[in-house]
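Q: The structure follows.
Quick note: the coordinates plus some simple rules give every number you see, no bench work behind them. Everything quoted here is computed from the prediction, not taken from an experiment. Here the Cβ positions follow ideal geometry from the backbone for every residue, glycine too, while neighbour counts run over all protein chains shown.
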Amino acid sequence: MLTFRRIAGAFGTCAALALAGVTGPTQSLAQDYPTKPVQMIVPFSQGGATDQVARLMAQPLEAALGQPVIIVNQPGAGGAIGLANLAMARADGYFVAIGSDSTLGARPMMSETGYDLSSLTMIARLVEIPSGVAVRADSPYKTLAELVEALKTERLTYSGSGIASGPHLAMAAFLAQQGVTATFVNSDSNQDGLVKLLSGEVQFLTGGGSNFPALFSESGESDIRVLGLAAEERWPFMPDVPTYREQGFDYINSQWFGIVAPAGVPPEVVAKLSSAVAEVVGSDAFKERMKEFFFNPAYLDSEDMLARVIADSEAVRPVLMELGLLKK
Amino acid sequence: MDLISFADISTGLGNVASPWVMIFLFIGVIIGMIFGAAPGLTAPAAIALFLPVTYAMGPTTSMALLLGIYCSGYFAGSIPAILINTPGAPSSAATALDGYAMAREGQGDRALSLAIWGSFLGGLFSLILLMTVAPLLAKVALKFTSVEYFSFALAGIVCVAGISQGSMIKGLAAAFFGILVSTVGLDPVSGVGRFMMDQPNLMGGVSQTVALIGLFAISQMLLLSKHGEQHHAILPTQQRASQLAVLGELWRNRWLSLRSAVIGSMVGVLPGTGPAIASWLSYSDAIRTARPGDRFGKGEAKGVIACEVSNNAVTGGAMVPLLTLGIPGDPVTAVLIGALMIQGVHTGPFLIQQDGGLFVSILVLLFLSNVLMVVVGLSGRGLMSRVLNLPAAFLVPAICLTAVIGAFSVSNNAFDVRLLLIFGLVGYAMLRLGFPPAPAVLGIVLGPILEKNLRNALTVSDMDPSVFVLRPISAGALLVTVGLLYLWLGPRRRSEASKT
């Protein structure tokens with residue numbers, strides 16, 4: 001019974017976790033890595049996009065590393081608590097976390113977080129989702145241009161998952177580029193923002209593209225209309241939605257997730273982890289699974305991921321300044 | 001419009017009628033009981049923990065396991081609330097008020113039986129709503145903007161005045177202490193840190209569960225240790241209750257049960273709320289309609305009925321926005337979305353149309369988990385009350401240990417254990433000085449809802465406060481609030497004045 005064996009395997013992982021706690025700190029050489037289970041911190045609670053990425057990643061990564069990968073949810077403060085705890089963990093490669101564009105780039109610039117780029121090692125980027133904007137199906141704005149035009153004369157409100165979250169900053173940067181402003185109304189999550197859009201409390205919603213396909217029926221009916229996605233080309237999961245560029249706005253933005261470790265992890269370990277991730281992200285089975293969640297596999301190695309974080313944080317710095325969110 | 005076709009019904013029933021589904025449903029109900037009953041281990045935590053186990057199962061089997069945990073987990077928090085005055089989850093804090101008082105009079109078994117049957121009725125009622133008027137209810141939920149949420153949360157805080165049986169001033173003070181605690185951490189609207197004392201772990205604020213266990217469980221255990229009766233059991237010998245008499249009692253309180261079920265279901269439908277708010281609202285509704293001779297706070301069965309019917313009615317209600325809009329109605333349903341996505345099922349407005357079979361399966365599974373909850377609860381209740389016969393010298397350390405494990409497991413953070421101790425001491429001081437801990441918990445739950453909705457509402461209206469009275473639903477809630485305040489503060493003040 002295949003099902004039963006896999007379930008038994010999952011219980012085995014729990015047992016391994018218990019054992020890992022008992023064995024305590026053992027000296028192991030970087031070449032032998034990994035010799036014990038790897039803890040993966042998810043700095044958000046169960047059920048969100050970050051958690052989904054981690055849980056999708058854990059199983060195949062276990063197979064690639066030959067050691068259990070144990071997910072530990074440490075939610076709070078927009079991802080800052082889990083990452084601050086990671087920064088304090090031993091830099092031996094047995095503690096990693098899922099980071100994202102906003103938690104790695106923007107968050108440390110905003111307030112005392114207990115971590116910044118210098119206290120973390122980038123391992124590899126995993127997946128990305130194009131940023132997008134949606135309105136209610138009965139909204140007067142049919143295209144992105146109409147929305148931007150309206151913003152020049154009217155005071156409109158929008159929402160998205162949390163203050164200074166990836167979607168919030170994506171829209172704030174776009175509006176700044178167009179020289180218009182809109183009022184941001186805070187939400188706890190993308191779904192919370194969707195409620196505000198559907199109830200008419202806000203006029204538009206900024207969010208990762210992966211949130212939208214489930215809201216459409218097979219024949220394309222929906223309570224919302226997606227005005228555009230800020231990808232380079234049309235997104236395979238929603239081929240009918242035009243990109244920002246097609247509508248004459250030169251703006252590209254995506255939310256992405258990657259694996260990070262504390263600063264000072266031996267280079268051999270970084271290389272080993274990074275290549276294990278590359279193997280997983282490149283596999284067909286993983287790509288199939290990603291489709292269920294509407295994520296695009298987007299592997300970057302340690303150096304390229306670091307370059308991306310630095311580029312992203314430079315891009316959002318003026319936006320944060322404008323919003324008054326920059327750390328004093 | 002016919003929502004579900006006969007073909008869907010037969011597929012749905014066919015999927016459920018499998019031995020594996022039944023076995024996992026049963027396992028789920030047992031897991032839910034254990035997690036719900038242990039202070040600090042909550043139903044959402046159990047569901048998240050067992051989520052990876054479902055990856056290898058089909059959608060129906062995994063829903064069986066998770067819905068089993070969901071229904072019985074929401075009920076089981078009341079077991080320790082009744083027996084040791086230590087709610088297993090915030091939603092059971094209101095149950096402890098009368099439930100524990102009943103246990104102290106040897107009526108713990110009756111209180112437990114009432115809680116079990118009450119939860120069953122609440123679950124059943126909300127299930128019927130989900131089955132019949134789900135799309136309609138979803139529309140109602142979308143009438144609620146930040147303005148309405150604020151007005152309703154304000155009404156909730158005012159309920160404190162009704163709940164505080166001793167000194168109303170002390171009750172309100174405890175509630176405001178709770179609200180103050182809820183402001184710790186990053187400000188929800190502009191992201192500024194508040195009262196963090198250079199402690200990055202406080203950025204996310206104080207965990208509601210940790211504060212709850214500290215204020216109730218640890219303080220209670222400190223109080224017990226102080227009494228020095230280490231060799232005796234904590235409570236008198238418990239009388240067995242006749243189930244027929246319990247059902248008769250529910251029948252006598254049928255209108256109260258119905259009101260509580262409606263409150264619970266509607267709170268469940270509203271995204272961003274949860275069972276804690278439902279049980280407090282129903283409890284204060286029960287007090288509002290109390291008859292002379294009712295002994296609320298001193299072991300009144302109606303108090304247990306109202307809370308329990310209501311907090312389990314949340315289960316069906318919370319499934320309404322999940323299955324019709326793809327929006328979770330409470331913390332558990334948020335995890336369920338992920339569980340369904342792993343199975344390739346996308347929860348959204350078209351789920352019922354496209355996957356009617358699964359919808360029917362979910363309804364049947366919810367019903368069956370409620371039935372199993374009664375079976376497991378009733379057969380296990382003898383064992384539960386026998387725990388009380390243990391001498392305090394064993395019981396107190398065992399409960400403290402469970403509380404510490406529970407606090408740690410909330411976010412796998414040792415800092416929370418330190419917070420737990422602090423709240424335990426605060427709770428102990430509150431008990432010694434006659435401040436009730438229950439309103440403090442309500443303050444911690446409602447504080448963030450009050451704050452962020454007030455600020456969001458004013459952001460949308462460009463700082464114009466008239467929206468609160470111009471929008472009809474909000475105006476209604478505010479009117480009720482004023483009415484309640486008059487009802488509770490007015491006559492009581494006069495009667496107290498005449499006494500002195």
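Q: How large is the dipole of the protein assembly as shown about the Cα centre if only Lys and Arg carry +1 and Asp and Glu carry -1, each at its Cβ, rounded to the nearest 20 debye?
A: With only Lys, Arg, Asp and Glu charged at Cβ, the dipole is about 3040 debye.
Q: So, one more: For the range A:205-220, just list the computed ³J(HN,Hα) in residue order, Karplus coefficients 6.51, -1.76 and 1.60, θ = phi - 60°, integers in Hz, with x standing in for Gly and Pro.
A: These are the phi-based 3J(HN,Hα) values: 10, 9, x, x, x, 5, 6, 8, x, 5, 8, 10, 7, 4, 8, x Hz.
Q: A further question follows. Check A:ILE224: other-chain or 5+ apart residues with amide H under 5 Å from its amide H, H built from backbone geometry?
A: The answer is A:ALA137.
Q: Just tell me how shielded B:455-462 is by partners: mean number of partner chain Cβ atoms within 10 Å of each residue's Cβ, no decimals. Don't skip to the end; give the middle numbers.
A: Numbers: counts 2, 9, 2, 0, 6, 7, 1, 3.
Mean partner shielding for this stretch: 4.
Q: Additional query: Using a 7 Å offset from the Cα along the Cα-to-Cβ direction at both B:LYS143 and A:SER219, what is the distance between the two label points in nm, to one decimal?
A: For the pair B:LYS143/A:SER219, the computed spacing is 3.0 nm.
Q: Okay, next question. What list of ³J(HN,Hα) values in whole Hz, one per residue of the range B:368-377 in order, does the Karplus curve 6.51 cos²θ - 1.76 cosθ + 1.60 (θ = phi - 60°) give from phi, with Gly and Pro shown as x?
A: My calculation for the range B:368-377 gives 4, 5, 5, 5, 4, 4, 5, 4, 5, x Hz in order.
Q: Report, in deg cm²/dmol and to the nearest 500, the calculated mean residue ellipticity at 222 nm for the protein assembly as shown, where each DSSP H run with n ≥ 4 adds -39500 (n - 2.57) and the sum is divided by the residue count.
A: Result for the protein assembly as shown: -20000 deg cm²/dmol, rounded to the nearest 500.
Q: Shifting gears a bit: Could you give the DSSP H helices of chain A that reach 20 angstrom or more along their long axis (alpha carbon positions) and whose average Kyte-Doolittle hydropathy is no lower than -1.0?
A: Both cut-offs are met by A:2-23, A:49-65, A:267-282, A:302-323.
Q: Across the range B:251-257, in residue order, what do the Karplus-derived ³J(HN,Hα) couplings come to in whole Hz, using 6.51 cos²θ - 1.76 cosθ + 1.60 with θ = phi - 60° and x for Gly and Pro?
A: Values per residue, Gly and Pro as x: 5, 4, 9, 5, 6, 4, 4 Hz.
Q: Counting only trypsin sites (Lys or Arg not before Pro) that sit in a DSSP loop (anything but H, G, I, E, B) with at most 13 other Cβ atoms within 10 Å, what is the longest stretch of chain B containing none of them?
A: B:241-500
Q: Take peptide A:155-162, look around each residue's Cβ out to 10 angstrom, count Cβ atoms belonging to other protein chains, and average those counts.
A: For this peptide, the per-residue mean of nearby foreign Cβ atoms is 1.
Q: Any chance you could run the full-extension gain for A:ALA278 through A:ALA263? It's 0.36 nm times the residue separation minus the Cα-Cα distance, nm to one decimal.
A: Result for the pair: 3.3 nm of gain on full extension.
Q: Right, here's the next one. Holding the Cα-Cα limit at 18 Å, pick out from A:LYS196/B:LYS143; A:LYS196/B:LYS139; A:LYS142/A:LYS291; A:LYS36/A:LYS287 the pairs that are longer than that.
A: Flagged as over cut-off: A:LYS142/A:LYS291; A:LYS36/A:LYS287.
Q: Follow-up question, since we're still on this one. Where both partners of a DSSP beta bridge lie in the range A:129-247, what percent of those bridges are antiparallel, to the nearest 5? Present the calculation step by step, with values, prior to reporting the outcome.
A: Details: 9 of 17 bridges.
Restricted to the range A:129-247, the bridges split so that about 55 percent are antiparallel.
Q: If you take the beta carbon distance between B:LEU258 and B:PHE6 as r and set R0 to 25 Å, what does 1/(1 + (r/R0)^6) give as a FRET efficiency, to the nearest 0.05?
A: On the way: r = 31 Å, r/R0 = 1.24.
Plugging the Cβ-Cβ distance into 1/(1 + (r/R0)^6) gives 0.20.
Q: First measure r as the distance between the Cβ atoms of B:ASP198 and A:ASP188, then evaluate 1/(1 + (r/R0)^6) with R0 = 30 Å and state the FRET efficiency to the nearest 0.05. Could the numbers behind the result be given before it?
A: Working: r = 26 Å, r/R0 = 0.86.
Once rounded, the FRET efficiency stands at 0.70.
Q: Now for a separate question. With no solvent and one point per C-alpha, what does the Debye sum give as log10 I(q)/I(0) for chain B at q = 0.06 Å⁻¹?
A: -0.26
Q: Another question about this same structure. Among DSSP beta bridges lying fully in the protein assembly as shown, give the percent that are antiparallel, nearest 5.
A: Values: 27 of 43 bridges.
Just about 65 percent of them are antiparallel.
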